[in-house]
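Novice: Next up is a structure, given as structure tokens.
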Amino acid sequence: MIFNTPLFFLFFSIFILCYGFVFLRNTPRVYLIIVGSLIFYGAWNYKFIPLLVGSGIADYFIAQAIYSASTQAKKKLWVSISLCLNLGILGLFKYADFVLESVAEFLLVFGYQASLPTLSWVLPVGISFYTFQSLSYTIDVYRGEMKPRKGLVHFVAALSFFPQLVAGPILRAKQILPQMHAIALPTWESAKHGILLITVGLIKKTGADLLAIPAQKAFEAQESISTLEMWTGVVAFAGQIYGDFSGYTDMAIGIALLLGFKIPLNFRVPYFAISPVDFWRRWHISLSSWLRDYLYISLGGNRTGNRTRNVFITMLLGGLWHGAAWTFVAWGAFHGAIITATHYLGNLATFKSFNESTSKGIKLFKWALTFYLILIGWVFFRASSIDNAWHILVEMHTLSDVSMGNNALLIFALVTVWTLLTHIMDFYVIKGAEKLEKRPWLFWLLMVVGITLTLFIGEPSDEFIYFQF
Amino acid sequence: MNSSISNSRKIYSKICLGLLALFIAAMGLIHFIVYLHGANASDFLGRVFESKAALPKIVKEEKDLVLMFGSSMTQAGFSPRQFDRLVNAEGKNIKSFNYGFGGLNPFFQDYLSRRIADEFIANDRQLKLAIIEFNPFQTTKTRWAGAIGSIDSYLTILASDEELWEIAKAEPERGALLYNIKYLRRHISAQLITSYYGRGLFPRARRERLEEPKALIDARREAGRELTELFAKEYPDFDDSDWYYPWQGGGTIPEERSARTLEVFKEYYATFQHENMKENYRQNRIASADIEGLNFEPLLIESFIQIVKNFQQFSDKVEVVMLPRGHQWIKYSPEAQARLDATIKQIEAATGITIRNHQLIPEITPEMFSDVTHLARYSGDVAYTNYLVKQYKDQL
């Protein structure tokens with residue numbers, strides 16, 4: 001079930017009526033959340049409900065076992081079981097075929113024709129999100145950062161909480177579990193903010209679906225296209241993936257607010273970043289902070305003198321988290337490389353004044369360079385293969401003699417303006433939402449215009465991009 | 001606890017009312033904008049709406065019924081009244097109807113034919129003869145790609161609630177979307193709006209059009225203007241229907257037009273015979289329907305087979321024909337011909353009916369076409385209808 005569909009509208013209408021008027025106490029509401037979330041998830045594929053619930057139940061009891069284990073070794077054993085269980089499930093569904101195919105290709109290089117069996121299993125929607133979320137609970141308990149909370153149903157409800165179940169943000173148990181134990185009533189102000197975020201999310205998703213068209217033209221072109229159209233396609237994909245993913249999480253946060261839950265921001269105008277490091281502080285914050293806290297720090301972080309290695313491994317695995325393909329590995333490696341380069345250059349005395357400069361010109365240069373590098377990264381992310389990515393990069397950087405298609409300049413302008421506009425809109429939502437929400441007439445007028453726009457424009461779309469991760 | 005319950009109800013009343021008001025206002029605004037554009041489903045599928053509305057009257061006709069079903073080529077190429085005159089002169093008791101529609105591909109026609117079947121079966125009525133046009137270029141991938149933006153809208157117009165429910169059971173998300181388009185958006189889907197504005201904003205890359213002599217264009221315009229005037233004089237009671245019952249969904253017949261009108265028609269169609277004009281039409285058909293490459297869309301072929309099966313449910317006899325094509329201008333490549341032959345075989349095997357290929361019949365000459373695919377009024381349509389009479393009168 002996708003947020004921007006009539007089916008979800010129907011589902012949520014029934015859900016909120018039950019939630020607000022029938023199930024009025026905490027525990028019944030928790031049960032309602034579980035039932036609603038399983039219906040929401042089951043609408044995609046009910047066969048994977050046991051996997052979701054099962055891994056949640058297992059981690060709930062493992063966390064109890066870690067907490068009550070008498071020795072550190074036993075705690076370590078239990079957390080290892082949790083790691084094996086969660087990463088094992090993820091690996092089996094998401095990476096098994098990729099590994100087997102890669103091994104076969106590798107052997108072929110040495111002349112061995114190995115016909116390895118593949119599983120060809122359907123990837124359960126949202127598995128990467130709820131696995132990481134569940135895993136954070138057992139790791140936090142192991143590290144002593146939180147005590148396990150009693151209440152299996154609360155834990156299952158937190159894990160399966162439908163607004164963020166299939167595409168995040170990735171919530172930590174310590175963020176969501178306390179809220180599930182004492183569900184708050186939304187205030188009218190928070191509800192209005194929720195409605196604002198839902199509207200903004202819908203607008204961004206609508207725009208993203210339209211941007212998919214020029215992006216597809218560039219990335220799936222059967223013949224050569226003009227240089228400008230290639231750039232248009234890459235910028236369009238940057239706008240598409242941002243609108244698609246951040247739009248989804250805006251809606252998730254907005255819906256959660258209507259139910260009395262607070263979910264932290266997942267994006268902070270990432271394309272305004274002025275360095276690759278800055279970008280990762282703004283893009284998919286819940287994943288980058290998860291990777292920092294549970295992977296980068298576990299590897300030793302900055303302390304061991306292996307920062308470069310740790311950054312690289314973290315980004316590589318971060319890339320792989322997005323999908324089982326070499327293009328994602330390349331994307332992760334590319335970001336690992338540019339972050340490492342940023343760190344390196346940041347430490348050079350030659351660049352000291354450049355790094356610390358507050359000049360607008362230098363900031364603009366840093367922004368332009370960062371955005372360019374991000375675009376290069378998206379080429380790997382979106383391309384169908386490394387060869388395809390290379391072909392696109394070459395086409396972007398050489399002047400093609402293919403003539404431009406109809407309205408190519410106009411399309412480039414629209415794509416760029418829309419991508420910029422979504423960022424400006426987000427900037428004002430982050431900075432100025434309160435002011436807007438205090439002006440009811442303007443607020444409701446803008447909401448009506450926004451919703452009208454999203455109901456007015458439509459383009460057949462294949463779900464949300466991040467569902468596949 | 002009671003105060004918390006009452007607070008919950010209070011805040012959720014406010015939230016639900018806020019959301020509802022927001023949704024109603026947005027939907028209202030959409031309907032208003034659509035209204036301002038004068039767009040409604042009966043406008044863009046007017047002929048389909050009217051032909052559907054005529055079905056209850058058709059099934060109550062006392063005469064034996066013949067129905068020709070197909071594309072705009074059928075619409076332009078079959079004259080029911082001419083057909084009736086000729087076969088009834090041979091002692092038959094026939095009333096025929098033209099169910100040819102421009103802009104509908106077999107996917108949509110399948111649903112329309114189901115509605116026809118519903119009406120006939122519900123009234124325990126049979127067609128004496130169903131003539132179904134198989135139009136190769138209506139079943140191409142290019143044609144299907146051009147219809148993507150209108151699929152949902154047309155589907156909600158042509159499918160029954162039971163069929164929508166079947167879709168909803170199999171694909172709840174799509175089912176909910178279709179119900180929403182049918183009942184809340186009055187058949188105007190967001191995709192339809194987007195493709196409408198998209199075409200305006202990003203028109204299809206224009207091919208280089210060959211210049212037509214200005215004198216010819218002026219002559220066509222002048223003849224067209226005169227024909228409109230003559231029509232208004234000769235048919236003062238015509239109600240502007242797209243599918244007009246007194247003409248059985250077809251056009252008028254030459255016998256009831258004045259000598260002057262027929263003369264102007266000749267002059268009018270003569271202006272279409274210039275080779276640049278033909279080439280422009282040909283190129284247009286290649287771009288919009290892959291008319292010479294014929295890369296078939298399997299879904300559309302399956303839909304066509306289903307159309308034939310739908311008619312077989314309530315027809316004494318079903319014939320599948322391929323209408324005359326302007327073969328002087330449209331030439332299939334060998335690969336296209338091979339694909340067409342294979343497709344014909346596929347349809348024949350699935351339906352048990354041999355397709356009658358009228359594409360190259362000598363009765364139709366090049367000047368009988370208005371463009372490169374459609375037959376001209378009072379020459380092409382008459383000649384082809386006469387040909388059909390010759391073919392089928394003995395079976396009626």
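Derivation of every value follows stated rules applied to the coordinates shown; laboratory data play no part. These numbers were taken from a predicted model, which means no experiment stands behind them. Positions of Cβ are generated from backbone atoms using ideal geometry, with glycine treated the same way; all protein chains shown enter the neighbour counts.
Novice: I need the helices of chain A that pass two filters: whole DSSP H segments spanning 24 Å or more by Cα along the axis, and mean Kyte-Doolittle score no lower than -0.5. Please list the in-between numbers first.
Specialist: Details: long enough: A:26-45 (28 Å, 0.76); A:49-68 (29 Å, 1.22); A:72-90 (27 Å, 0.78); A:188-219 (45 Å, 0.56); A:227-258 (46 Å, 0.86); A:326-347 (31 Å, 0.61); A:360-382 (32 Å, 1.09); A:408-437 (39 Å, 1.19).
For chain A, where a helix must reach 24 Å along its axis and average at least -0.5, the hits are A:26-45, A:49-68, A:72-90, A:188-219, A:227-258, A:326-347, A:360-382, A:408-437.
Novice: Averaged over B:7-20, how many beta carbons belonging to a partner chain fall within 10 Å of each residue's beta carbon?
Specialist: Details: counts 2, 11, 4, 3, 9, 11, 2, 5, 11, 6, 0, 7, 11, 1.
Across B:7-20, the average partner-chain Cβ count within 10 Å equals 6.
Novice: Summing +1 for each Lys or Arg and -1 for each Asp or Glu, what net charge is found among the other residues whose Cβ lies under 9 Å from the Cβ of B:Phe265? Mind dumping the intermediate values first?
Specialist: Numbers: positive: B:Arg257, B:Lys266, B:Arg377; negative: B:Glu263, B:Glu267.
Local net charge: +1.
Novice: Another question, then. What is the helix-to-structure angle for B:259-270, meaning the angle in degrees between its Cα long axis and the longest Cα principal axis of chain B, kept from 0 to 90 and rounded to the nearest 10?
Specialist: Around 80 degrees separate the two axes.
Novice: A further question on this structure: Regarding the protein assembly as shown, what's the average projected area of the Cα-atom convex hull, expressed in nm²?
Specialist: That works out to 45.9 nm².
Novice: Please report the net charge: other residues with Cβ closer than 15 Å to the Cβ of A:Trp326, K and R +1, D and E -1.
Specialist: Computed value for this residue: -2.
Novice: Still on this structure, I have one more. What ranking, highest mean first, results for peptides B:87-94, B:184-191, A:377-384, B:72-79 when packing means the other Cβ atoms within 10 Å averaged over each residue?
Specialist: Peptide ranking by packing, descending: B:72-79, A:377-384, B:184-191, B:87-94.
Novice: Here is a further query. Per residue and in Å³, how big is the convex hull formed by the alpha-carbon atoms of the stretch A:6-183?
Specialist: 134 Å³
Novice: Over 20 Å intervals from 0, what percent of Cα-Cα pairs in chain B sits in each interval?
Specialist: Values per bin, smallest distances first: 23, 55, 17, 4, 1.
Novice: Still on this structure, please answer the following. Report the semi-axes of the equivalent ellipsoid for chain A in whole Å, largest first, where each axis is √(5λ) for an eigenvalue λ of the Cα gyration tensor.
Specialist: Semi-axes from the Cα gyration tensor: 35, 30, 24 Å.
Novice: Of the DSSP beta bridges with both residues in the protein assembly as shown, give the percent that are antiparallel, rounding to the nearest 5.
Specialist: Around 10 percent antiparallel, to the nearest 5.
Novice: Given q = 0.12, 0.13, 0.18 Å⁻¹, what are the Debye log10 I(q)/I(0) values for the stretch A:326-398, with equal point scatterers placed on the Cα positions and solvent ignored?
Specialist: Values, matching the q order: -0.42, -0.48, -0.79.
Novice: If you don't mind, there's one more thing I want to ask. State whether the stretch A:219-348 is rounded, prolate or oblate according to the following rule on the C-alpha gyration tensor (a ≥ b ≥ c being the square roots of its eigenvalues): a/c under 1.5 gives rounded; otherwise a/b larger than b/c gives prolate, and the remaining case gives oblate.
Specialist: oblate
Novice: What area, in nm² and to one decimal, does the C-alpha convex hull of the stretch B:313-357 cast on average over all directions?
Specialist: Values: hull surface 15.3 nm².
Across all orientations, the stretch B:313-357 yields a mean hull projection of 3.8 nm².
Novice: For a quick check, take a GNM of chain B with Cα springs below 10 Å and name the residue from B:Tyr183, B:Tyr269, B:Tyr99 with the largest mean-square fluctuation.
Specialist: B:Tyr183
Novice: For chain A, with the dipole built from +1 on Lys and Arg beta-carbon atoms and -1 on Asp and Glu ones, taken about the Cα centre, which of A:Thr206, A:Leu135, A:Gly247 lies farthest toward the positive end?
Specialist: Positive-most Cα among the choices belongs to A:Leu135.
Novice: Give the residue from B:Ala349, B:Tyr179, B:Gly28 lying farthest towards the positive end of the charge dipole for chain B; charges sit on Cβ (+1 for Lys and Arg, -1 for Asp and Glu) and the dipole is referred to the Cα centre.
Specialist: Working it through, the farthest residue towards the positive pole turns out to be B:Gly28.
Novice: Then there is this: Taking only the alpha carbons of the stretch A:189-468, what extent do you get along each of the three principal axes, in Å, biggest first?
Specialist: Projected onto the principal axes, the Cα atoms of the stretch A:189-468 cover 54, 51, 41 Å.
Novice: Nothing charged except the Cβ atoms of Lys and Arg (+1) and of Asp and Glu (-1): what's the magnitude of the dipole of chain A about its Cα centre? Round to the nearest 20 debye. Show your work: numbers first, answer last.
Specialist: Numbers: 34 positive and 25 negative charges, 451 e Å.
That gives chain A a dipole magnitude of about 2160 debye.
Novice: Something else about it: With the contact rule set at Cα under 8 Å and sequence spacing of 6 or more, what percent relative contact order holds for the stretch A:6-183? Display every interim value, and only then the final one.
Specialist: Values: 176 pairs, mean separation 55.2, N = 178.
Relative contact order of the stretch A:6-183: 31 percent.
Novice: Same structure again: Determine the principal axes of the Cα atoms in the stretch A:293-344, then give the extent along each, sorted from largest to smallest and rounded to whole angstroms.
Specialist: Principal-axis extents of the stretch A:293-344 (Cα, largest first): 31, 23, 12 Å.
Novice: Find how many whole Å separate the alpha carbon centroid of the stretch B:315-373 from the alpha carbon centroid of the stretch A:270-336.
Specialist: 61 Å
Novice: So for chain A, averaging the separation of alpha carbon pairs under 8 Å that are six or more residues apart and normalising by length, what relative contact order in percent results? Working shown, then result.
Specialist: Working: 594 pairs, mean separation 85.4, N = 469.
Relative contact order here is 18 percent.
Novice: Using +1 at the C-beta of Lys and Arg and -1 at the C-beta of Asp and Glu, which of B:Ala170, B:Ile121, B:Phe78 has the Cα lying farthest in the positive direction of the dipole of chain B?
Specialist: Most positive-ward Cα: B:Ala170.
Novice: For the stretch B:97-169, what's the radius of gyration and Dmax over Cα atoms, in angstrom?
Specialist: Radius of gyration, then largest Cα-Cα span, for the stretch B:97-169: 13.8, 39 Å.
Novice: How many partner chain Cβ atoms sit within 10 Å of a residue's Cβ in peptide A:439-452, on average, as a whole number?
Specialist: Shielding by partners across A:439-452 averages 3.
Novice: May I ask for the angle, rounded to the nearest 10°, between helix B:161-170 and the longest principal axis of chain B, with both axes built from Cα atoms and the value confined to 0 to 90°?
Specialist: Compared with the principal axis, the helix lies near 60 degrees.
Novice: I'd like to compare B:280-290, A:178-188, A:56-66, B:214-224: which one has the highest average count of other Cβ atoms within 10 Å, and what's the full order after that?
Specialist: A:56-66, B:280-290, A:178-188, B:214-224
Novice: Can you give the charge dipole size of the protein assembly as shown about its Cα centre, rounded to the nearest 20 debye, using +1 on the beta carbon of Lys and Arg and -1 on the beta carbon of Asp and Glu?
Specialist: The calculation lands at about 4140 debye.
Novice: Looking at this model, which pairs from B:Lys95/B:Lys169; A:Lys174/B:Lys10; B:Lys57/B:Lys141; B:Lys233/B:Lys393; B:Lys57/B:Lys390 are more than 32 angstrom apart at the alpha-carbon?
Specialist: Correct reply: B:Lys95/B:Lys169; B:Lys57/B:Lys141; B:Lys233/B:Lys393.
Novice: Something else about it: Averaged over its residues, how many other protein chain Cβ atoms are within 10 Å of peptide A:2-10's Cβ atoms? Working shown, then result.
Specialist: Values: counts 1, 0, 0, 6, 11, 10, 2, 4, 4.
The mean count of partner-chain Cβ atoms within 10 Å per residue comes to 4.
Novice: Would you calculate a helix-derived [θ] at 222 nm for the protein assembly as shown, using -39,500 (n - 2.57) for each DSSP H run of n ≥ 4 and dividing by the full residue count, to the nearest 500?
Specialist: -20500 deg cm²/dmol
Novice: While we're here: Rounded, prolate or oblate: which fits the stretch B:1-149 when a ≥ b ≥ c are the square roots of the eigenvalues of the alpha-carbon gyration tensor, with rounded for a/c under 1.5 and prolate only if a/b beats b/c?
Specialist: It is prolate, given that a/c is not under 1.5 and a/b is the larger ratio.
Novice: As an exercise, take the mean of 1/r over every pair of distinct alpha carbons in the stretch A:79-163, invert it, and state the Kirkwood radius in angstroms.
Specialist: Values: mean 1/r = 0.0652 Å⁻¹.
Answer for the stretch A:79-163: a Kirkwood hydrodynamic radius of 15.3 Å.
Novice: Round to the nearest 10 and give me the degree value, 0 to 90, for the angle of helix B:334-351's Cα axis relative to the longest principal axis of chain B.
Specialist: Taking the Cα atoms of chain B, the angle to B:334-351 is about 70 degrees.
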